């Protein structure tokens, strides 16, 4: 009989165990704790949606829609897509679930996303993001709230010192339209010197030329007109309110006038938290205000702002979480003791103590494993102890060992 070959994992996916999994879940747990401090409610949205949800929100000409989405036809003939980002699905849910009644909504979620792109350090085809949104709030206070949330998250993860908040404004509709017209005129004048990709973007998405990585594009992009020359009074005041709010909250920021979002529904604040500790792909958290998205999906005008952060990328930046230690290790010797130990183990765990039972090996090896696990107490249970209604409790910090009656044992090992 030929040996069955074990299937390989799909390229761009990952299995996690040990420290890698601990880092991942530390990021999620910290996010969950901080979002509660800020009053953001947890939501869940489907992993797949109608393809139209993403093609309308992200734009047919974007790389995500044209090259990177995992789309398929189901058995009913409907085109479905594994979500490549959160915001479009959240906007769809806002409309179809009647969440307008709860506006303004402060909401947060996290989970897997899917994009078919070249895997690289910290970037996968199935990846995971944290996501926070404020929907139905036109006030700059919503932008400030989200940026403070992001800043505190990075601080509590211990990575804020190596990360810089880059901030820009895309202005209101009047500002953005005037700036876009000026950019198109500037890039058209230099069209022959642009890269092929930027020439294509000039037609489909001209703002994206500003963040081109092609060397031949940089002199042209760097000499392009700044948005400030076209800023309306209202848009300027909005951005000033955001920056002053950040200053008051102690959130440091740097103006990055070339930071853009190519899609037409983005307005006002755009931002990225960046680091040089992850190589060329340095953004760990990014977002902005998308006042026109829900309209693009068929809803009424609904201002909104949000951000997303890669869990894997944050997990690479944080220090390794402290290894969880045991409160109690239970070491039974003999079949009768092992049966009794299951009841004792359940009682200890119900009391909120982290505990394990060592059921393999001789006494010496079991005690060694308990010590290696950092157990505060070891409870030793044998036939003689069972007959007397007691267990031997060893304090691993002092080395002291004494008999404790079974009916008060949980209290005896509950000392923190």
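Considering only residues of segment 176-210 that are exposed (fewer than 14 other Cβ atoms within 10 Å of the Cβ) and in contact (Cβ under 8 Å) with a residue 24 or more places away in the chain, which is nearest to the chain's Cα centre (by Cα)?
204
Going through segment 12-28 one residue at a time, which ones are at negative phi and loosely packed, with under 12 Cβ neighbours inside 10 Å?
First, the residues of segment 12-28 that are at negative phi: 13-17, 19-28.
Scanning segment 12-28 gives 15, 17.
Considering only segment 102-126, how many residues are surrounded by 14 or more Cβ atoms within 10 Å (Cβ to Cβ), modelled with pLDDT under 85 and outside any loop (DSSP other than H, G, I, E, B)?
Matching residues across segment 102-126 total 1.
In segment 316-332, how many residues are surrounded by fewer than 24 Cβ atoms within 10 Å (Cβ to Cβ) and in contact (Cβ under 8 Å) with a residue 12 or more places away in the chain? Outline the logic, then answer.
We begin by selecting, within segment 316-332, every residue surrounded by fewer than 24 Cβ atoms within 10 Å (Cβ to Cβ); these are 316-327.
From the residues that got through so far, the ones that are in contact (Cβ under 8 Å) with a residue 12 or more places away in the chain too are 316-321, 323-327.
Total meeting the criteria: 11.
Considering segment 308-339 alone, what residues qualify as being touching a helix residue (DSSP H, G or I) at 6+ places or on another chain (Cβ under 6 Å) and closer than 30 Å to residue 168 by Cβ?
Within segment 308-339, 311, 314, 315, 318 qualify.
Can you tell me which residue is modelled with the lowest pLDDT among those in segment 359-385 that are in contact with a helix residue (DSSP H, G or I) (Cβ under 8 Å, 6 or more places away or on another chain) and surrounded by fewer than 19 Cβ atoms within 10 Å (Cβ to Cβ)?
Result: 359.
Within the set of pairs 6 or more residues apart or between chains, which connect a residue that is in contact (Cβ under 8 Å) with a residue 12 or more places away in the chain inside segment 350-372 to a residue that is in a loop (DSSP other than H, G, I, E, B) and surrounded by fewer than 14 Cβ atoms within 10 Å (Cβ to Cβ) with Cβ atoms less than 7 Å apart?
Cβ pairs passing all conditions: 354/324.
Restricting attention to segment 276-306, which residues are at pLDDT 90 or above, surrounded by fewer than 18 Cβ atoms within 10 Å (Cβ to Cβ) and in contact with a helix residue (DSSP H, G or I) (Cβ under 6 Å, 6 or more places away or on another chain)?
Matches in segment 276-306: 299, 301.
Under the condition of being in a loop (DSSP other than H, G, I, E, B) and in contact with a strand residue (DSSP E or B) (Cβ under 8 Å, 6 or more places away or on another chain), which residue from segment 127-143 is surrounded by the fewest Cβ atoms within 10 Å (Cβ to Cβ)? Don't jump to the end; show me each part of the working.
Let us first name the residues in segment 127-143 that are in a loop (DSSP other than H, G, I, E, B), namely 136-139.
Filter once more, so that each one left must be in contact with a strand residue (DSSP E or B) (Cβ under 8 Å, 6 or more places away or on another chain): 136-137.
Values: 136: 17, 137: 21.
Filtering first and then ranking leaves 136.
The values are calculated or read from the model by the stated rules, or taken from the named source; none is laboratory data. Predicted model, so just to flag it, every value in this text is computed and none were measured. Cβ atoms come from the backbone with ideal geometry, glycine included; neighbour counts cover every protein chain shown.
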